[in-house]
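Note sheet for the following structure.
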Amino acid sequence: MEQRGWGLPRLLGLLALLAVQVPRSSASSYMGLWPLPLSVEMSPRLLRLSPENFHIGHDSSSTAGPSCTILQEAFRRYYDYIFGFYKWHRGPAKSHAAPELEQLLVSVVLDSQCNAFPNVSSDESCEYRVSLLVKGPVAILKANRVWGVLRGLETFSQLIYQDSYGTFTINESNIVDSPRFPHRGILIDTARHYLPVKTILKTLDAMAFNKFNVLHWHIVDDQSFPYQSITFPQLSNKGSYSLSHVYTPNDVRIVIEYARLRGIRVIPEFDTPGHAQSWGKGQKDLLTPCYHGHTQSGTFGPINPILNTTYSFLSKFFNEISTVFPDHFIHLGGDEVEFQCWESNPDIQKFMQQKGFGTDFKKLEVFYIQKLFNIISTVNKGSIVWQEVFDNNVKLQPGVVVQVWKYGDYAKEQSRVTAEGFPVLLSAPWYLDYISYGQDWVKYYNVEPLDFDGTSKQKTLVIGGEACLWGEYVDATNLTPRLWPRASAVGERLWSRQDVRSSQDAYKRLTVHRCRMVRRGVAAEPLFTGYCNHEDRV
Amino acid sequence: MAGSALWFFLLLAAALAGRATALWPWPQYIQTSDLRYPIFPHNFQFQYHVSSAAQPGCSVLDEAFQRYRDLLFGSDFWHRPDPAEKQHTLEINSLVIHVATPGCDQLPSLESAENCLETFSQLVWRSPEGTFFINKTEIEDFPRFPHRGLLLDTSRHYLPLSSILNTLDVMAYSKFNVFHWHMVDDPSFPYESFTFPELTRKGSYNPATHIYTAQDVKEVIEYARLRGIRVLVEFDTPGHTQSWGPGAPGLLTPCYSGSQPSGTFGPVNPILNSTYEFMSTFFLEVSSVFPDFYLHLGGDEVDFSCWKSNPDIQDFMKKKGFGNDFKKLESFYIQTLLDIVSAYGKGYVVWQEVFDNKVKVRPDTIIQVWREEAPVSYMKELELVTNASFRALLSAPWYLNHITYGPDWEKVYMVEPLAFDGTPEQKALVIGGEACMWGEYVDSTNLVPRLWPRAGAVAERLWSSKLVTNLDFASKRLADFRCELLRRGIQAQPLNVGYCEQEFEET
């Protein structure tokens, strides 16, 4: 009654059986590393750790100390990930012969940035470069900034396993690491379905386990406006699904701080002029009234680009956004603008004539977006836009990031955008809301983001990518198992070296990593038939 | 279905016009009105009708009353009603249950009363001020098909007991009445047998944690019974049995590479007496552990290559005059197995290959149709099976483990199980169907949202009248049902954009 011939899954199924038969204790810890670090040297010499003795602390050479909250919190978190979820007996395991690893000392080399927000840095490898030397009795983790320390702690935690007697064990190793791309994002959509803050925080946890560093928060859209604005409270009062389906300023602060402590940037997206139906309910005259013949039809289209009131509203609104969200970038959307409503509206027709736009509504869109760019510049923020803004020949200021999302010929689009000198974010092959039967993570894993025609200078303009989980069919009930471990495939593609490509090897490591996520409380779905050791019956 | 009259009759002095659309699955007959009555939780009670065959002390109903009281009103404290409000409305203060045929301590036979309680619970609604209401409604209901099943696979991934019990809850909410437990398969053997404990010791993923003990199995059966659900257990042979091998040496066929055993094993070895002795003992245990009349014996996808490679089997084939037709060998095995199980007074269900391969089976065998296209389309297969006078179960279009983007429940919903060429007698042989959730990619992390509310579409198809096929009407009700599931704490995924008043919260 099971259908055969699913191809790859069967092949991988054999691997799964193999993996299952290798007891965790004798399996190389290397197997559990995800995403794979830049370079890993691992010795067969084992060290043991005792939960009572082991300590993570600051090295005397570090520029950070106990006053660095971000590290103090991370030390505690990773101690729990390493020891807290296992069953262990108090009292030293005397019979064990392996020497002990007593401490992990952390050293931040440059200005620590303890109280800063993570940012997209011009010299990523420098920011993130982290080295981890595990040797008894003291392991050393060295990074330029706290952000690198966070990634290094994750790596360190992934090296530790329990042998068959329950002893916490680590191989002596020497690891050097830095990410391939500086922007490694996850998009969540809180407009199609509201996501409770807890779900967002859980997602941030899982992102940190996979070394993602950007939460792209597609916060509003046609369906609902859950963002509670201080300046325009009516937007969410009228535009949210219900008064309990909102993000208060405090909710937003909680998300941003939780993300910061995990080295994750929060980039909000307020998509205009399309995808803005929900704005209309709480902000009169913002949307374009559509016409049916000579009379208003009662429906509304995109934001009305011909009124001064529109721009004064947007100035105030984005002024608020620029202070609420500390990241340098704001995502302005700009995708899928439908022209019919604009076309139907006589005032807009008149405006088009006045401006000499003819009947080219793209020019009107460009007009709108240019003015929006100017607003964003005056609040000293950078802009990210969906690819249509570039496609429609909007004159972009240098540095505007173009996010490529249309699946057809996305490599050509990357060529075109980078040829014009604009930075690119790739999402087209990583729409994780599109589900299918079987191991589709392999498809995401096999994507090579620089596989397009272009000079090496063009390639450097690809700053990374994002896995997108749009919300039409996703809410808190199914978000986690739908996102993980499928997004982990994107995580490794954006972090690890270009030549880390074997999906067989990835399967083995990802199976272990998935079980680790489950153990840490993230309901990541299985890759294939098998089990996790720790699962118990209740 | 074990025969009891699947009828219930719900006569309430109450109902709701618009609100009644929250019903899932849709009843056979319903009349509602705008006349509404308040219900005050502290006054409300379930009662047995004086002439009911079931009376207080009937465990199934006593427990169901308690369960539905909690589902309706929550187990926390409800504020007392405003006395002023109470004066001018007639309140509903009891639901009177009348059961025509007794059967409290039997296996699911009070299903009808159970289902009636579920319908009642779906009729109650709450005003924004928090008062519970029910509208004057008259409902007459019975299921279209007696076998409305859901398959879970605990071999590809182990499912914790809590996941199984939780599934039984939601099955009751949507009026499924058969839990098809695909207990073991190639990857693992979680069923702890007391006659052959080595099977789990050697064949489970982890013999300490990834097993179902006798106590677990009992708990599942009792939990199901209290919800009017039968447990149909499947021990699939002779294929899909790799996990049996380590704990039962000699049971599986050694495969050969040339003239040497290759070290791998194939299906159950059908030529040894020891095989049938083993099966006799094993199924004697299974027959006593699982009280349902039916056992599922599998019989699907037998791979012949290993049998072909084995010289002893080749000899046996010659001796028996089977030539090169390994289907005959398969038949030989299955027939012997069916005789064993029949001797224990059990009936059996098998996958369609047993029929396709022309195994001679008893006339009361139930054939489960699972293949969508080959060797013939599933509708053709239903025609062939019923033409041969066998009863049929349909699963082919209801493999819910296969997922696609978007509202795929619609395709599932629009299947008409009797849309094949055949006489009315043939159609009457289709006793129902099963939604299947195979476990290759499913475990406790994603089972619930993948299953619900998609399986609800199958539930309504098997329960409601053939004429209930309007997708808009179904969409609206299924979305409401899904919100009701969230309210009851079930992690059911959304059908489309939108929201529920009470969303799912991570714990």
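Quick check on my filter: what residues within segment A:137-175 are charged (D, E, K, R), closer than 22 Å to A:Trp495 by Cβ and not in a strand (DSSP E or B)? Outline the logic, then answer.
First, pick out the residues of segment A:137-175 that are charged (D, E, K, R): A:142, A:145, A:151, A:154, A:163, A:172.
Remaining after also requiring closer than 22 Å to A:Trp495 by Cβ: A:142, A:145, A:151, A:154.
Within segment A:137-175, A:Arg145, A:Arg151, A:Glu154 meet the criteria.
Being more than 14 Å from every other protein chain (Cβ to nearest Cβ) and either modelled with pLDDT of 95 or more or closer than 18 Å to A:Gln498 by Cβ (or both) is the requirement here; does A:Ser383 meet it? Talk me through it step by step, then tell me what you get.
Values: more than 14 Å from every other protein chain (Cβ to nearest Cβ): yes; either modelled with pLDDT of 95 or more or closer than 18 Å to A:Gln498 by Cβ (or both): yes.
Criteria met by A:Ser383.
Can you list the helices (runs of 4 or more DSSP H) found entirely within segment A:179-270 that contain at least 3 residues being within 11 Å of another protein chain (Cβ to nearest Cβ)?
On the way: elements: A:197-209, A:234-239, A:249-261.
Those helices (runs of 4 or more DSSP H) span A:197-209.
Can you name the number of the only condition in (1) under 20 Å from A:Asp391 (Cβ atoms); (2) loosely packed, with under 14 Cβ neighbours inside 10 Å; (3) touching an Asp or Glu at 6+ places or on another chain (Cβ under 8 Å); (4) of a type outside the set (A, V, I, L, M) that A:His275 fails?
Only one criterion is unmet by A:His275, namely (2).
Output the residues belonging to segment B:443-478 that are touching a strand residue (DSSP E or B) at 6+ places or on another chain (Cβ under 7 Å) and farther than 25 Å from A:Pro481 by Cα.
Matches in segment B:443-478: B:Leu462, B:Trp463.
Only residues that are free of Cβ contacts under 8 Å to residues at least 40 places away in the same chain, away from chain A (no Cβ under 14 Å) and under 22 Å from the mean Cα position of the chain (by Cα): list them for segment B:369-391, please. Reasoning before the result, please.
Looking only at segment B:369-391, we keep the residues that are free of Cβ contacts under 8 Å to residues at least 40 places away in the same chain, and these are B:369, B:371-378, B:381, B:384, B:387-388, B:390.
Now narrow it down to the ones that are away from chain A (no Cβ under 14 Å): B:376-377, B:384, B:387-388, B:390.
If the condition is that a residue be free of Cβ contacts under 8 Å to residues at least 40 places away in the same chain, away from chain A (no Cβ under 14 Å) and under 22 Å from the mean Cα position of the chain (by Cα), then B:Phe390 is the only one that fits.
Which of the residues spanning segment B:468-500 are assigned to a loop (DSSP other than H, G, I, E, B) and either polar (S, T, N, Q) or facing chain A (nearest Cβ under 7 Å) (or both)?
Residues of segment B:468-500 that are assigned to a loop (DSSP other than H, G, I, E, B), as a first pass: B:468-470, B:488-500.
B:Thr469, B:Asn470, B:Gln491, B:Ala492, B:Gln493, B:Pro494, B:Asn496, B:Val497, B:Tyr499 - these are the residues of segment B:468-500 that are assigned to a loop (DSSP other than H, G, I, E, B) and either polar (S, T, N, Q) or facing chain A (nearest Cβ under 7 Å) (or both).
Of B:Ala457, B:Ala435, which residue is closer than 23 Å to B:Gln352 by Cβ and within 14 Å of chain A (Cβ to nearest Cβ)?
Numbers: B:Ala457 fails: within 14 Å of chain A (Cβ to nearest Cβ).
Going through B:Ala457, B:Ala435 in turn, just one is closer than 23 Å to B:Gln352 by Cβ and within 14 Å of chain A (Cβ to nearest Cβ): B:Ala435.
Can you pull out the helices (runs of 4 or more DSSP H) entirely within segment A:445-538 that have at least 2 residues that are hydrophobic (A, V, I, L, M, F, W, C)? Please lay out each step first, then the result.
On the way: elements: A:456-460, A:479-483, A:486-495, A:503-519.
Output list reads A:479-483, A:486-495, A:503-519.
Can you tell me which residues in segment B:200-224 are buried (at least 24 other Cβ atoms within 10 Å of the Cβ) and either among the aliphatic types (A, V, I, L, M) or more than 14 Å from chain A (Cβ to nearest Cβ) (or both)?
Result: B:Ala224, single match.
Taking the criterion of being β-branched (Val, Ile, Thr), part of a loop (DSSP other than H, G, I, E, B), modelled with pLDDT of 70 or more and touching a strand residue (DSSP E or B) at 6+ places or on another chain (Cβ under 9 Å), would at least one residue in segment B:14-30 satisfy it? Full working, then the answer.
Let us first name the residues in segment B:14-30 that are β-branched (Val, Ile, Thr), namely B:21, B:30.
Filter once more, keeping what is part of a loop (DSSP other than H, G, I, E, B): none.
Taking every residue of segment B:14-30 in turn, none turns out to be β-branched (Val, Ile, Thr), part of a loop (DSSP other than H, G, I, E, B), modelled with pLDDT of 70 or more and touching a strand residue (DSSP E or B) at 6+ places or on another chain (Cβ under 9 Å).
Filter segment B:457-467 for residues that are among the small types (Gly, Ala, Ser) and assigned to a loop (DSSP other than H, G, I, E, B); which is farthest from B:Ile403 (Cα to Cα)? It would help to see each step written out before you state the result.
In the first step, residues of segment B:457-467 are kept if they are among the small types (Gly, Ala, Ser); the result is B:457, B:459, B:464-465.
When the remaining residues are screened for being assigned to a loop (DSSP other than H, G, I, E, B), the result is B:464-465.
Working: B:Ser464: 25, B:Ser465: 27 Å.
Per the stated criteria, the residue is B:Ser465.
Looking at A:Pro233, A:Pro249, A:Pro268 in this structure, which one is surrounded by fewer than 15 Cβ atoms within 10 Å (Cβ to Cβ), within 24 Å of the chain's Cα centre (by Cα) and not aliphatic (A, V, I, L, M)?
Details: A:Pro233 fails: within 24 Å of the chain's Cα centre (by Cα); A:Pro268 fails: surrounded by fewer than 15 Cβ atoms within 10 Å (Cβ to Cβ).
One residue alone meets the criteria, A:Pro249.
Among the residues of segment B:118-159, how many are surrounded by 21 or more Cβ atoms within 10 Å (Cβ to Cβ) and either without any contact (Cβ under 8 Å) to a residue 40 or more places away in the chain or small (Gly, Ala, Ser) (or both)?
Number of matching residues: 2.
Would you check which residues across segment A:392-406 are at pLDDT 95 or above and not β-branched (Val, Ile, Thr) and list them?
We begin by selecting, within segment A:392-406, every residue at pLDDT 95 or above; these are A:400-406.
Once the filter is applied, which keeps residues that are at pLDDT 95 or above and not β-branched (Val, Ile, Thr), segment A:392-406 yields A:Gln403, A:Trp405, A:Lys406.
What about B:Arg482, is it free of Cβ contacts under 8 Å to residues at least 40 places away in the same chain, surrounded by fewer than 20 Cβ atoms within 10 Å (Cβ to Cβ) and of a type outside the set (A, V, I, L, M, F, W, C)? Can you show your working first?
Numbers: free of Cβ contacts under 8 Å to residues at least 40 places away in the same chain: yes; surrounded by fewer than 20 Cβ atoms within 10 Å (Cβ to Cβ): no; of a type outside the set (A, V, I, L, M, F, W, C): yes.
No.
Which one of these does B:Asp300 not meet: (1) at pLDDT below 95; (2) of a type in the set (D, E, K, R); (3) out of contact with any helix residue (DSSP H, G or I) (no Cβ under 7 Å at 6 or more places or on another chain)?
(3)
Quick check on segment A:486-493. Is at least one of its residues at pLDDT 95 or above, at the interface with chain B (Cβ under 9 Å from one of its Cβ atoms), farther than 16 Å from A:Leu33 by Cβ and in contact with a strand residue (DSSP E or B) (Cβ under 9 Å, 6 or more places away or on another chain)? Give the steps one after another, and end with the answer.
Applying the first criterion (at pLDDT 95 or above) to segment A:486-493 yields A:486-493.
Retained after the next criterion (residues that are at the interface with chain B (Cβ under 9 Å from one of its Cβ atoms)): none.
No, there is no match, as no residue in segment A:486-493 is at pLDDT 95 or above, at the interface with chain B (Cβ under 9 Å from one of its Cβ atoms), farther than 16 Å from A:Leu33 by Cβ and in contact with a strand residue (DSSP E or B) (Cβ under 9 Å, 6 or more places away or on another chain).
Could you tell me which of the residues B:Lys427, B:Lys411, B:Lys380 is outside any loop (DSSP other than H, G, I, E, B) and over 28 Å from B:Lys175 (Cβ atoms)? Give the steps one after another, and end with the answer.
Working: B:Lys427 fails: over 28 Å from B:Lys175 (Cβ atoms); B:Lys411 fails: over 28 Å from B:Lys175 (Cβ atoms).
Testing whether each residue is outside any loop (DSSP other than H, G, I, E, B) and over 28 Å from B:Lys175 (Cβ atoms) leaves just B:Lys380.
The values are calculated or read from the model by the stated rules, or taken from the named source; none is laboratory data. Since the structure is predicted, the reported quantities are computational estimates derived from the model, not experimental observations. Reconstructed Cβ throughout: ideal geometry from the backbone, glycine too, with neighbour counts over all protein chains shown.
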